[in-house]
Amino acid sequence: MSDHAPAPPVLALRGLRKQFGQKVAVDALSLDVPAGSMLGLLGPNGAGKTTTLAMTTGLLRPDAGTAWVLGADVWQDPAAAKARMGVLPDGIRMLDRLTGAELLRYTGLLRGMPEAEVVSRSGELLDALGLTEARDTLVVDYSAGMKKKIGLACALIHAPRLLILDEPLEAVDPVSGQTIRQILRSFVDGGGTVVLSSHVMELVESLCDRVAIVAEGRLLAHGALDEVRAGLTLQERFLTLVGAHDLGTETLAWLRSS
C-alpha cells in the first residue's frame, strides 16, 4: 500500500446551485478534476454548462455551494483562486478597441507580470496561434475564430495551472483548431489541467481523457472517458443519458419529395 495520499483535485466543485426565477439552472452539482487531466463538459443546450463554468470562475455568484481552485475558495479568496486559472468565457465581450498585442499586454500587466515578460510571452503566443500578422489590428476587426485565439492567448499568458474554456473551438477553422488542440495537449503534458465545454462529441472524444455529462443542471455521469462511454461511442452514451428526441415518421412529412 502506498504511503502517499492522492493529490488533491485541481478543481473541486461542491454543491453548486443557481436558480433564475422558477428555472433551476444548476442543481447541487459536485465534481472533482484531477491534476494533469483534460475534462470535457458535455450537455444539451440549456443544460447548465455555461452557468456552472461562470460560477466556477467567479463570474456568477452561486445560490449555494462553492468552487476551489488548487485549494483556494473562488468566493472566499477570489484573488488567489483567479491567479491560478486562465479563463476563456463564451459570449463575453472583449476590450475589442485594442489591438491584439495591446490586449495581451493589458491582460499580462493586469495579472501583475513584469512588462518584459509580457512582451516576450505575447510574441510567442501570437506566433504560436498564427496571429503575428494581426498583432496591430483592432480586435473588433478580427474574425470569430481569431477572437477565440486571442482570448486563449489572454487565458494563457500568466502560465496558469488550470484553464477553463467555454466552447474554445466554436467558429474556429480546422487549421486554427488543430493549433489550439496542440497547445492544449502541450499544456496538459506539462502538468496543466483543462476543463472545456463543447457541443462537439468528436472534439471531446479525441482530446479529453475525462468527461462530465450534465442535463437540466444535474451531473449525470463523470469519470475517465472509457468509464463514461461504457463500451459505446460517446455520442451513443450521451444520447442514452440525456434522452434522444425521436421525431417520428410523420413529422415534417411535407419536406419529403412526393
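Just so it is clear, none of the values below were taken in a lab; they were calculated from the coordinates. As the structure is a prediction and not an experimental result, all values here were calculated from the model. Here Cβ is always computed from backbone atoms with ideal geometry, including for glycine, and neighbour counts include all displayed protein chains.
Only helices enter the 222 nm calculation for the chain: every DSSP H run of n ≥ 4 contributes -39,500 (n - 2.57), and dividing by all residues gives -10000 deg cm²/dmol, rounded to 500. Once the Kirkwood radius over Cα pairs is known for region 166-258, the Stokes-Einstein relation at 37 °C and 0.692 mPa s delivers a diffusion coefficient of 211 µm²/s. Of the peptides 81-89, 222-230, the ranking by mean beta-carbon count within 10 Å, highest at the top, reads 81-89, 222-230. Using C-alpha pairs below 8 Å separated by at least 6 residues, the relative contact order for the chain is 24 percent.
Taking a sphere under 14 Å around the Cβ of Ala80 and counting the other residues whose Cβ falls inside, with K and R at +1 and D and E at -1, yields a net charge of +2. Taking each of Lys18/Lys149; Lys18/Lys147; Lys49/Lys82; Lys23/Lys82 in turn, the alpha-carbon distance tops 22 angstrom for Lys18/Lys149; Lys18/Lys147; Lys23/Lys82.
When each pair of different Cα atoms in region 87-145 is counted once in the 1/r mean, what is the Kirkwood radius in angstroms, to one decimal? Kindly include the intermediate steps, with their values, before the conclusion.
Details: mean 1/r = 0.0840 Å⁻¹.
The answer is 11.9 Å.
Other residues within the sphere of radius under 14 Å centred on the Cβ of Glu117, judged by their own Cβ, net out at +1 (K and R +1, D and E -1).
Quick check: net charge around Gly15, other residues with Cβ under 15 Å of its Cβ, Lys/Arg +1 and Asp/Glu -1? Let's see the in-between values first.
Working: positive: Arg14, Arg17, Lys18, Arg61, Arg218; negative: Asp27, Asp32, Asp63, Asp73.
Computed value for this residue: +1.
Between the amide H of Val87 and those of Ile164, distances stay under 5 Å, these residues lying 5 or more places away or on another chain, with hydrogens modeled in the peptide plane. Here Cα extents along the principal axes in Å was calculated from the structure, and among (i) 47, 41, 34; (ii) 63, 61, 42; (iii) 70, 67, 32 it sits at label (ii). Beta bridges assigned by DSSP with both partners in the chain are antiparallel in approximately 55 percent of cases. Of interest is the spacing of the C-alpha centroids, which for region 116-134 and region 54-79 amounts to 30 Å.
Shown in residue order for region 196-201 are the 3J(HN,Hα) couplings computed by the Karplus curve 6.51 cos²θ - 1.76 cosθ + 1.60 at θ = phi - 60°: 10, 9, 7, 8, 9, 4 Hz (x for Gly and Pro).
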